[in-house]
Amino acid sequence: MSEENKQPLEEETPETEAAPQPEEPVEKAPKGKKKKEKTFTFTKEQVEQMEAAAKQLETTKDQFARLAAEYDNYRKRTAKEKETLYQDAKADTIKEFLAVYDNLERAAAAPGGEDDPHKKGLEMIFTQYKELLKKLGVAEIEAQGQPFDPERHEAVMHIDDENFGENQVAQVFQAGFILGDKVIRHAVVQVAN
């Protein structure tokens with residue numbers, strides 16, 4: 001090394017004077033002796049290497065933080081997609097069973113045979129079916145007497161009747177159902193006025 005490289009850092013330039021110097025533990029001197037502190041001097045080349053290493057560390061930290069954030073976003077997005085797929089599959093499956101609901105409803109509403117054990121059994125099955133749908137999170141759309149909502153109702157008839165208000169559902173032909181916020185089947189209705 002040349003003589004210039006061996007000189008203490010403080011004497012080289014004012015820029016490098018602010019460079020941090022590592023602290024070493026101070027050795028305890030036995031009683032009666034003075035404490036001796038270790039001091040270090042750095043060359044300009046060593047300071048530049050430390051500054052480059054510090055910049056590289058900051059870049060690596062930034063890359064790691066970005067990668068961690070991207071992974072967290074990916075994890076949240078895939079969890080949401082998985083839940084959406086599950087809800088869609090559940091809704092599609094339930095939609096296929098709604099025809100059974102309609103048939104049970106018609107059979108339970110049929111007149112006659114109030115004391116017939118077959119009709120009572122059918123009504124019990126229909127009640128059990130409704131409870132099962134409720135447990136799955138499926139709710140019937142309230143339609144009778146409600147204002148017409150094209151998001152939930154499908155109008156197939158229109159009547160003029162002073163007993164009903166403007167755009168009010170007068171009759172429900174087929175019940176509609178929702179699962180959470182998603183409409184599984186629109187209620188088929190008759191709208192008044």
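The values are calculated or read from the model by the stated rules, or taken from the named source; none is laboratory data. In this text, all values refer to a predicted model and were calculated from it rather than measured experimentally. Every residue, glycine as well, gets a Cβ built from its backbone with ideal geometry; the counts of neighbours run over all protein chains shown. For the accessible areas, the whole protein counts, side chains as well, though only heavy atoms, and no ligand, DNA or RNA atoms are used. Shrake-Rupley method; radii C 1.70, N 1.55, O 1.52, S 1.80 Å.
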>> Once you order the gyration tensor axes a ≥ b ≥ c over the Cα atoms, which shape class does region 83-193 get: rounded for a/c under 1.5, otherwise prolate or oblate by comparing a/b with b/c?
In response: oblate
> Expressed in nm to one decimal, what extension gain is obtained for the pair L57 and T41 from 0.36 nm per residue of sequence separation less their Cα-Cα distance?
Replying inline: 3.4 nm
> When all protein chains stay in place, what accessible area (Å², nearest 10, 1.4 Å probe) is found for L136?
Replying inline: 70
> Can you give the accessible area of H158, probe radius 1.4 Å, in Å² rounded to 10?
Replying inline: 110
>> Given a 1.4 Å probe and heavy atoms of the protein chains only, how would you sort K130, K36, K90, largest accessible area at the top?
In response: K36, K130, K90
>> Let me spell out the model: positive unit charges on the Cβ of Lys and Arg, negative unit charges on the Cβ of Asp and Glu, origin at the Cα centre of region 62-134. What dipole size does that give, in debye rounded to 20?
In response: 340
